[in-house]
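Visitor: Attaching a single structure in structure tokens format; questions to follow.
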Amino acid sequence: MEAYVKSTIQNGIGTIEFFHPQSNSMPSSQLKNLVEEINNLGKNDDAKVIILKSAGEKAFCGGASFDELISIKDFETGKMFFSGFANVINAMRKSPKLIIARIHGKAVGGGVGIACAADYTFATENASVKLSELAVGIGPFVISPVVEKKIGTSAFAQLAINATEFYSAEWAREKNMFQDMYETTEEMDAEIQILAEKLAASNPEAMFELKNILWKGTEHWDHLLTERAAVSGQLVLSEFTVNAINSFKNK
């Protein structure tokens, strides 16, 4: 199957689904399409609430495209690359609709950012999480504001520093990254549908005001996340990082 991002609306529930054959990793073009779908549903009055999910049975999201990462040769390209997930997080944050995330499998790097940027996150027991950026000489700088906002500084530091380890879905639930966790995708999907239907029948103005409260204090994030993308864009050119990426690639 080829990569895609698509959206549908049914009975007031907007659903965005993305897929990439490489563990749902996200190249820049895919992230741009995801931003567009989030913005489009945010403007569409027929969608009262948004569900964000990925296809496949294994990983929810493997983070940014590693193939694209290793091809970066200059600062501007690097900054643009790392702005990809920054734009997704900002689109989710600024969407006037509440966003429910469906995390059915492993979430790495930017995938963790998506899980934390959602307003309500469901997961299965298979949804372990990892921030692997430090292991290749960079750092989870772009997604750090949203992850830290969701789970706190201490838990974020644990993930960011111990960058080669997956943490269990139960750990993520205990840290409030996930609000609800289920043994199977079938159980999870049933509960997502119940909540989505309730929200689709709720007052849109009230949900909009609630969203504003939930994201109060993040108004500067457009600028902040762009700054963080620049930091990563510079680091990816360093000799240490180039060697670390090549070493990782050759494993």
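Here, each number is a calculation from the coordinates, and none is a lab measurement. Because the structure is a prediction, the values reported are computed rather than measured. All Cβ positions, glycine included, derive from the backbone under ideal geometry; neighbour counts span all protein chains shown.
Visitor: Hand me the chymotrypsin sites (Phe, Trp or Tyr not before Pro) from the stretch 35-116 located in a DSSP loop with no more than 12 other Cβ atoms within 10 Å, in residue order please. Don't jump to the answer; show the numbers that get you there.
Guide: Working: sites: Phe60, Phe66, Phe75, Phe81, Phe82, Phe85; in loops: Phe60.
Of the chymotrypsin sites (Phe, Trp or Tyr not before Pro), not one in the loops of the stretch 35-116 has a Cβ with at most 12 other Cβ atoms within 10 Å.
Visitor: Also, quick follow-up: What pairs from Lys73/Lys97; Lys150/Lys198; Lys106/Lys216; Lys6/Lys73; Lys73/Lys149 go past 27 Å between their alpha carbons? Intermediate results must be reported in sequence, preceding the final value.
Guide: Details: Lys73/Lys97 38 Å; Lys150/Lys198 24 Å; Lys106/Lys216 29 Å; Lys6/Lys73 31 Å; Lys73/Lys149 32 Å.
Correct reply: Lys73/Lys97; Lys106/Lys216; Lys6/Lys73; Lys73/Lys149.
Visitor: With axes computed from alpha carbons, what is the tilt in degrees of helix 239-249 against the longest principal axis of the chain, rounded to the nearest 10 within 0 to 90?
Guide: Here the helix axis deviates by roughly 70 degrees.
Visitor: Among the trypsin sites (Lys or Arg not before Pro) in the stretch 65-113, which ones are in a DSSP loop with at most 13 other Cβ atoms within 10 Å of the Cβ? Mind listing them?
Guide: Numbers: sites: Lys73, Lys79, Arg93, Lys94, Lys97, Arg102, Lys106; in loops: Lys73, Lys97, Lys106.
Here the sparse-neighbourhood loop sites are Lys73.
Visitor: Show me, for the stretch 90-99, the HN-Hα J-couplings you get by feeding each phi into the Karplus relation (A = 6.51, B = -1.76, C = 1.60, θ = phi - 60°), rounded to Hz, glycine and proline as x.
Guide: In residue order, the calculated couplings are 5, 5, 5, 4, 8, 4, x, 9, 5, 10 Hz.
Visitor: Give me Glu191, Glu239 sorted ascending by neighbouring Cβ count inside 10 Å, so fewest comes first.
Guide: Numbers: Glu191 13, Glu239 8.
Exposure proxy ranking, most exposed first: Glu239, Glu191.
Visitor: Quick check on the stretch 75-166: what does the Kirkwood estimate of hydrodynamic radius come out to from the alpha carbon pairs, in Å? Present the calculation step by step, with values, prior to reporting the outcome.
Guide: Values: mean 1/r = 0.0739 Å⁻¹.
Computed over the stretch 75-166, the radius equals 13.5 Å.
Visitor: Across the stretch 44-51, in residue order, what do the Karplus-derived ³J(HN,Hα) couplings come to in whole Hz, using 6.51 cos²θ - 1.76 cosθ + 1.60 with θ = phi - 60° and x for Gly and Pro?
Guide: 8, 5, 6, 9, 8, 8, 10, 9
Visitor: Give, as a single signed number, the net charge of other residues whose beta carbon lies under 10 Å from the beta carbon of Trp215, with Lys and Arg counted +1 and Asp and Glu -1. All intermediate terms of the calculation are to be shown ahead of the outcome.
Guide: Numbers: positive: Arg93, Lys94, Lys149, Lys211, Lys216; negative: Asp119, Glu219.
Local charge sum for Trp215: +3.
Visitor: Nearest 5 percent is fine: what portion of the DSSP beta bridges confined to the chain is antiparallel?
Guide: Details: 8 of 28 bridges.
Roughly 30 percent of the DSSP beta bridges within the chain come out antiparallel.
Visitor: Just want the ordering: Cys116, Cys61, from fewest to most Cβ atoms lying within 10 Å of their own Cβ. Walk me through the intermediate numbers first.
Guide: Numbers: Cys116 28, Cys61 25.
The order, fewest Cβ neighbours first, is Cys61, Cys116.
Visitor: Mind checking Rg over Rh on the stretch 4-200, alpha carbons, Kirkwood formula for Rh? Each step should come with its number before you reach the end.
Guide: Details: Rg = 15.7 Å, Rh = 16.6 Å.
Value, to two decimals: 0.95.
Visitor: A follow-up question, please. Arranged by the count of other C-beta atoms within 10 angstrom, fewest first, what order do Asp189, Asp222 take? If you can, show how the numbers build up before the last one.
Guide: Values: Asp189 17, Asp222 13.
Fewest-to-most ranking of Asp189, Asp222: Asp222, Asp189.
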